Amino acid sequence: MDVRQKRNEALGKRVVKALESRNMEAYYAATKEEAVKKALELIPEGSSINMGGSMSVREVGLLDAINSGNYEFYDRDKAATPEEKQEIALKAFTCDWFLGSVNAMSEDGVFVNIDGNANRVAAYAFGPKNVLLIVGMNKVVKTEEDAMHRARNEAAPINTQRFGIDTPCVKNGSCFDCKSPDCICCQIMVTRFSRIPRRFKIILVDENLGF
């Protein structure tokens, strides 16, 4: 274990305790493989599953494992029409598990998410029985204010590049608090506590994941 790994493990374990104090279930994984193993231990076979557009879920290999396993996965990417995609997205509110990540998380366990269509933050706030979040240690910052800054000035501009849309942050690289028709910062959600005990299952991973 190198010095960076030692630092991330020490910080990760502290963030796990912070999340647990917020009525959430949390784990630390040293590798992508450990993260997937823990996720599959948590999700019973036969579960109905939905997800947002998380790169982190894809990058660790969890999406591949779900697709090849015995699960009822509602996959928006397989929708043939916008109407079908909307129908699949709405199933998030009644599914057993919703998979995703965060745009940023503070060391004391508060996390920030920004959405354009808001299907992801809506599911985080209400609906699915369980929300499983895969969070790379690259997304952990010192304070809630730092988390908001990261979400708006790092995650959002990179995601607008990924989506190929026309916003000021695409051209300039940071948030301009725009009202562009293509703006993806329509809904900004701060999550600081789970009223339902252990509804959130969060796996921190010692990897650079997502944006």
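The values are calculated or read from the model by the stated rules, or taken from the named source; none is laboratory data. On a predicted model such as this, the values are computed, not experimentally measured, just so you know. Backbone-built Cβ (ideal geometry, glycine too); neighbour counts: all protein chains shown.
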- Within region 159-211, considering residues that are surrounded by 14 or more Cβ atoms within 10 Å (Cβ to Cβ) and small (Gly, Ala, Ser), the one modelled with the highest pLDDT: Ser194
- Task: Being in contact (Cβ under 8 Å) with a residue 40 or more places away in the chain, part of a helix (DSSP H, G or I) and either crowded, with 19+ Cβ neighbours inside 10 Å or not aliphatic (A, V, I, L, M) (or both) is the filter here, so list the residues in region 123-148 that pass it.
- Result: Ala123, Tyr124, Met137, Asn138, Lys139, Glu144, Asp146, Ala147, Met148
- Query: If we scan region 82-91, do we find a residue that is under 28 Å from Val190 (Cβ atoms), polar (S, T, N, Q) and surrounded by fewer than 19 Cβ atoms within 10 Å (Cβ to Cβ)?
  - Reply: yes
- Query: Is it true that some residue in region 39-48 is touching a Lys or Arg at 6+ places or on another chain (Cβ under 6 Å) and touching a residue at least 24 places away in the same chain (Cβ under 8 Å)?
  - Reply: yes
- State which residue is nearest to Tyr74 (Cα to Cα) when the search covers only region 93-140 and only residues that are among the β-branched types (Val, Ile, Thr) and out of contact with any Asp or Glu (no Cβ under 7 Å at 6 or more places or on another chain). Thr94
- Would a scan of region 99-117 turn up a residue that is under 11 Å from the mean Cα position of the chain (by Cα) and assigned to a helix (DSSP H, G or I)? no
- Note on the structure: Of the residues in region 172-202, those that are out of contact with any helix residue (DSSP H, G or I) (no Cβ under 7 Å at 6 or more places or on another chain), among the basic types (Lys, Arg) and part of a strand (DSSP E or B) number 0
- Query: Residues of region 156-169 being in a helix (DSSP H, G or I) and under 19 Å from Gly53 (Cα atoms), which ones?
  - Reply: Ala156, Pro157, Ile158, Asn159, Thr160, Gln161, Arg162, Phe163
- Query: From the list Ala156, Ala122, which one is more than 22 Å from Ala65 (Cα to Cα), of a type outside the set (Ser, Thr, Tyr) and at pLDDT below 95?
  - Reply: Ala156
- For region 98-113, enumerate the residues that are aliphatic (A, V, I, L, M) and surrounded by fewer than 24 Cβ atoms within 10 Å (Cβ to Cβ). Val110
- Task: Could you list all residues from region 8-37 that are assigned to a helix (DSSP H, G or I), buried (at least 16 other Cβ atoms within 10 Å of the Cβ) and either free of Cβ contacts under 8 Å to residues at least 40 places away in the same chain or not basic (Lys, Arg) (or both)?
- Result: Asn8, Glu9, Leu11, Gly12, Val15, Val16, Ala18, Leu19, Glu34, Ala35, Val36
- Message: Any residue at all in region 31-38 that's closer than 19 Å to Ser194 by Cβ and either in contact with a helix residue (DSSP H, G or I) (Cβ under 6 Å, 6 or more places away or on another chain) or modelled with pLDDT of 95 or more (or both)?
- Response: yes
